[in-house]
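Structure record follows, encoded as structure tokens.
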Amino acid sequence: MLQLEFDERVAADDRVEPRDWMPDAYRSTLIRQIAQHAHSEIIGMQPEGNWITRAPSLKRKAILIAKVQDEAGHGLYLYSAAETLGVDRDELVELLLAGRQKYSSIFNYPTLTWADIGAIGWLVDGAAITNQVPLCRCSYGPYARAMVRICKEESFHQRQGFEILYTLGHGTPGQKAMAQDAVDRWWWPSLMMFGPPDAASTHTGQSTAWKIKRFGNDELRQRFVDMTVPQADALGLALPDDGIAWNAERGHYDFTEPDYAELTAVIEGNGPCNAERIAVRRAAHEDGAWVREAAAAYAAKRAGREAA
Amino acid sequence: MRSPFFATPPATTMPDAAAYALRLGDDALVLSHRLAEWVAHAPELEEDVALANISLDLLGQARALLAYAGAVEGAGRDEDALAYLRDDRAFTNMQLVELPRGDFGLTIARQLLFSTYQRMLYARLAASSDETLAGIAAKAEKEVAYHVDHATQWTLRLGEGTAGSHARMRAGLVAVWPYADELFEADPLTDRLAAEGVGVDPSCLRGEWDAAVDGVLREATLERPEVRPAAGGGRRGLHTEHLGHLLAEMQSLHRAHPGVTW
């Protein structure tokens, strides 16, 4: 009976809300996905935060601080959305630190130059938006609503990344070379952000039936390529794939698939920065433990005093 | 002869209002930088957001003040030329703001001392006869009111929270207190500007500041540490060894590509 109501609700494109009955597997899939998304925002603060103290103008510095701050904010909304499913943030953070929940493997690549900040905004945030816009219509209400605000901010992030690269691409030969190098390094990992091809994806089928996921990995990847190729022309930068060509018959750009063995290796912990990203997060968490304990002890004392 | 560390300052080559805006701008710029170092490393996510916010407020103040200093100077230096192309001896921030970020206890201790001072300063500067300085100060004072509240709330929590947090907050106060006197040092520039109604005599803030900070410390069960004042000299371009490293990092990329647009 409950299952039937749930199925009808999903079929009718109504939202499932926290107090509604839902199948255990639906709940656990959402917890896994939302937590992974929240962790990605938090870990993603590191590669970009790496350039805050060296941003080359005060305006760029202000924009970058604001962007990294937005990511912390996204993490907060997403942890809150996950909490509506009956887990708490501390538990999820422990799972991240123990390596038992993942985050987007894109953040295991290093930001080597300032142009990487542009490439992350343009390509990584661009890919994230392509993945996330359909989540604004996801069947679980709190997640869908969180994604509306997140997508608006991500769209701003993508434009600022494009603008950094546009400025570099129209600057000195040194700046242009920096921009091209960053695009060369970030292109393939960005394509990997859509996950393995549908044929090899373990989660796609059931998530699509539940309307958590609306489109397949391959379709979203194609959408991203179609959006990005003309933008690269506008930037005056090349995408590092000789296989990119307009296919009139398909009405899409052809492109070379990324090396999914690399994606698997990075997901399994063998990316350039996996160990460092978790070590930095763990250090912040452990170094901050005394502060969180102090806040909790203070709140308890206050509550005791008010009760007395 | 006295050594240059103790000599009176050479006359500044900038017009008074420019030199004054530059001082206040340098304070905001350098402290903004130190707070930004916390982003992605704070004790909890809410603090990543809060410290980034305070850092951004200060950076906004710094940009307005540096841009104004450059405009008054009239030598073609914009906010970036002033931030990125001066060496450490030309920076006129107070030493308090350049100390390394330390742990959260030190950061909060510094925020308490500095924000309390800065709010009182801006509140008076909002009445400056210089309309630009008055406008910048009036806007900034509203922002800094939140910084004071943030520092106060954390001082209470760390002071009263646990024995460990009390000890760390106390250690933070011991580390920053020697640099407090510099906040209130008047010199010929502030004397002239205060007389003209353009600037604020920082020495007249001391009594109000002592009362405010002592009040917070008392409520937090903390005491004012007994420490000797540091030598000071930030307004004369005499800094701790830390500022050079901060600037080396901050200015490296900008200086590696002279004259370009970012």
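The values are calculated or read from the model by the stated rules, or taken from the named source; none is laboratory data. Quantities reported herein were computed from a predicted structural model and do not represent experimental measurements. Note: ideal-geometry Cβ built from the backbone for every residue, glycine included; neighbour counts use all protein chains shown. All accessible areas refer to the heavy atoms of the entire protein, side chains included, with ligands and DNA or RNA removed. Shrake-Rupley method; radii C 1.70, N 1.55, O 1.52, S 1.80 Å.
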Check: Looking at A:VAL93, is it within 8 Å of chain B (Cβ to nearest Cβ) and either aliphatic (A, V, I, L, M) or farther than 30 Å from A:ILE164 by Cβ (or both)?
Finding: no
Next item on the list: Exactly one condition in (1) more than 10 Å from every other protein chain (Cβ to nearest Cβ); (2) open to solvent by less than 50 Å² (accessible area, probe 1.4 Å); (3) in a loop (DSSP other than H, G, I, E, B) is not met by A:THR113; state its number.
Entry: (1)
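Mind listing just one residue for me: the one in region B:29-41 that is assigned to a helix (DSSP H, G or I) and in contact (Cβ under 8 Å) with a residue 40 or more places away in the chain and, of those, farthest from the other protein chains (Cβ to nearest Cβ)? Walk me through how you get there before you give the answer.
First, the residues of region B:29-41 that are assigned to a helix (DSSP H, G or I): B:29-36.
Next, from what is left, pick out any that are in contact (Cβ under 8 Å) with a residue 40 or more places away in the chain: B:29-31, B:33-35.
Numbers: B:LEU29: 8, B:VAL30: 12, B:LEU31: 13, B:HIS33: 7, B:ARG34: 10, B:LEU35: 9 Å.
In this case the residue turns out to be B:LEU31.
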Next item on the list: Inspect all residues belonging to region A:143-156 and state whether any of them is at pLDDT below 95, farther than 30 Å from A:GLY86 by Cα and open to solvent by 10 Å² or more (accessible area, probe 1.4 Å).
Entry: yes
Checklist line | Given (1) away from chain B (no Cβ under 14 Å); (2) buried (at least 20 other Cβ atoms within 10 Å of the Cβ), number of the condition A:GLN3 does not satisfy | finding: (2)
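For the structure I just gave you, tell me whether B:ALA195 is away from every other protein chain (no Cβ under 14 Å), over 20 Å from B:ARG119 (Cβ atoms) and free of Cβ contacts under 8 Å to residues at least 24 places away in the same chain. Give the derivation first.
Values: away from every other protein chain (no Cβ under 14 Å): yes; over 20 Å from B:ARG119 (Cβ atoms): yes; free of Cβ contacts under 8 Å to residues at least 24 places away in the same chain: yes.
Spelling it out, B:ALA195 is indeed away from every other protein chain (no Cβ under 14 Å), over 20 Å from B:ARG119 (Cβ atoms) and free of Cβ contacts under 8 Å to residues at least 24 places away in the same chain.
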Item checked: Cβ-Cβ under 7 Å pairs, at least 6 apart or on other chains, region A:285-297 side within 8 Å of another protein chain (Cβ to nearest Cβ), far side open to solvent by 30 Å² or more (accessible area, probe 1.4 Å) and assigned to a loop (DSSP other than H, G, I, E, B) -> A:GLY288/B:GLU44; A:ARG292/B:GLU44; A:GLU293/B:THR162; A:ALA294/B:THR162; A:ALA297/B:THR162
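Please work out if B:ASP57 is within 13 Å of chain A (Cβ to nearest Cβ), open to solvent by 30 Å² or more (accessible area, probe 1.4 Å), among the acidic types (Asp, Glu) and under 13 Å from the mean Cα position of the chain (by Cα).
Numbers: within 13 Å of chain A (Cβ to nearest Cβ): yes; open to solvent by 30 Å² or more (accessible area, probe 1.4 Å): yes; among the acidic types (Asp, Glu): yes; under 13 Å from the mean Cα position of the chain (by Cα): yes.
So B:ASP57 passes the test.
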Next item on the list: Would you please name the residue that is nearest to B:THR162 (Cα to Cα), looking only at residues in region B:214-243 that are within 14 Å of chain A (Cβ to nearest Cβ) and not aliphatic (A, V, I, L, M)?
Entry: B:THR221
Margin query: Among (1) under 20 Å from the mean Cα position of the chain (by Cα); (2) over 30 Å from B:ARG63 (Cβ atoms), there is one condition A:GLU17 misses while meeting the rest; what is its number?
Written below: (1)
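Applying the selection to region B:63-75, what residues are more than 7 Å from chain A (Cβ to nearest Cβ) and either open to solvent by less than 10 Å² (accessible area, probe 1.4 Å) or within 26 Å of A:GLU48 (Cα to Cα) (or both)? I'd like the intermediate steps shown before the answer.
From region B:63-75, those more than 7 Å from chain A (Cβ to nearest Cβ) are B:64-75; that's our starting set.
Within region B:63-75, B:ALA64, B:LEU65, B:LEU66, B:ALA69, B:GLY70 qualify.
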Margin query: Which condition from (1) in a helix (DSSP H, G or I); (2) touching a Ser or Thr at 6+ places or on another chain (Cβ under 8 Å) is the one that A:GLY195 breaks?
Written below: (1)
